[in-house]
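A short worksheet on the structure shown next.
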Amino acid sequence: MHDIIKVLFLASDPFHAGVPLRLDDEVRAVEQAIRRGRARDSVVLIPHFATRTRDLREALLNHQPQIVHFAGHGSLSGGIFLGDEYGQRQAVGTEALRKLFGMVSETVKVVVLNGCDTLLTIEALSEVVDYTVGMNAAISDESAIVFSEAFYSTVAMGEPVLKAFDWAVCQLHLESNAEAGIPQRRIRPGVDLDQPLVAPGAAAKSVLPGPRPHPTGLDPAQKGASGPGQRIKIGTLDARRDVLFEKQGGAAAGSGGQDTDIGRLSSRDVNFIEKG
């Protein structure tokens, strides 16, 4: 289980003839699905459009994702299609993909090939990747988007990968989608099926800096007796974000003549509060 997981979304449509794939709609659906999850702060989506063969190595090494999602075209003979250095389609064979993901199997735990006819490819990848998901026939854009949205919504809820797949297929059935039988999954032997990638309700660790020490060296946690006219230094307040304050004066609290000002403290540092 990870504190944070990365989803590397590889989109490629190098076939320039015909109707283009709705890849932007798919990545948008995945992004919104993750935002609705209980563990949304622990799932990072990294979109990579117009992916070319030379991008794969750098993207995997640079981002070190736990999930790799491919949206594009598959091949009946195995493999997927990416762009070459000129943006023309280039087939990437099954064996090449198996070797590629075998080199990053310590990091990549899930590969989703959300493209037509990717069953042969995921069967080969299942030798080196814990979970692989693919399609056993051609699948429409609409069905591919519905599947992706439901799958990542469940992952972002902190559920195991197998349940995410089952919920995604179930969503297709709920919508009476005739392509509900197309998504397929393969699991490497020995994988703990009940182990989620992230914990439900997990949150990303804060990277905000801690409070700066006060120049006087006074411990802000020190407490002492206070009385009228006594100045109490409470250290340095970092007010990079607005701090709501209330100032009361005039008649005693509860009387009709009480004057109350409510505003926002916008100064960067407040060194003391004076009481009395």
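Some observations on this one:
- Test: LEU8 is among the aliphatic types (A, V, I, L, M), touching a helix residue (DSSP H, G or I) at 6+ places or on another chain (Cβ under 6 Å), within 23 Å of GLN195 (Cα to Cα) and in a strand (DSSP E or B): yes
- Among the residues making up the range 143-180, a single one is without any contact (Cβ under 8 Å) to a residue 12 or more places away in the chain and on the phi > 0 side of the Ramachandran plot: SER176.
- Checking each residue in the range 16-59 for being assigned to a loop (DSSP other than H, G, I, E, B), of a type outside the set (Gly, Ala, Ser), in contact with a Gly (Cβ under 9 Å, 6 or more places away or on another chain) and in contact (Cβ under 8 Å) with a residue 40 or more places away in the chain picks out LEU21, ARG38, THR51.
- Matching entry among THR107, THR94 (being of a type in the set (S, T, N, Q), farther than 30 Å from ALA199 by Cβ and at pLDDT 95 or above): THR94
- Criterion violated by PRO160 - all others in (1) at pLDDT 95 or above; (2) under 21 Å from the mean Cα position of the chain (by Cα); (3) closer than 26 Å to LEU23 by Cβ satisfied: (3)
- Filter result for PRO65 (more than 19 Å from GLY93 (Cα to Cα) and either assigned by TED's automatic domain parsing to the domain that holds SER143 or crowded, with 21+ Cβ neighbours inside 10 Å (or both)): yes
- Residues that are in a helix (DSSP H, G or I) and β-branched (Val, Ile, Thr), drawn from the range 89-119: THR94
- Qualifying residue in the range 95-107 (condition: within 20 Å of SER148 (Cα to Cα), assigned by TED's automatic domain parsing to the domain that holds TYR131 and buried (at least 18 other Cβ atoms within 10 Å of the Cβ)): no
- Of everything in the range 124-142 that is among the hydrophobic types (A, V, I, L, M, F, W, C) and either assigned to a helix (DSSP H, G or I) or at positive phi (or both), the residue that is farthest from the chain's Cα centre (by Cα) is ALA124.
- Comparison of ALA17, ALA59 shows that the only residue that is at pLDDT below 95 and in the same structural domain as VAL155 (by TED's automatic domain parsing) is ALA17.
The values are calculated or read from the model by the stated rules, or taken from the named source; none is laboratory data. No experiment lies behind these values; they were computed from the predicted model shown. We place every Cβ from the backbone using ideal geometry, glycine too, and count neighbours over all the protein chains shown.
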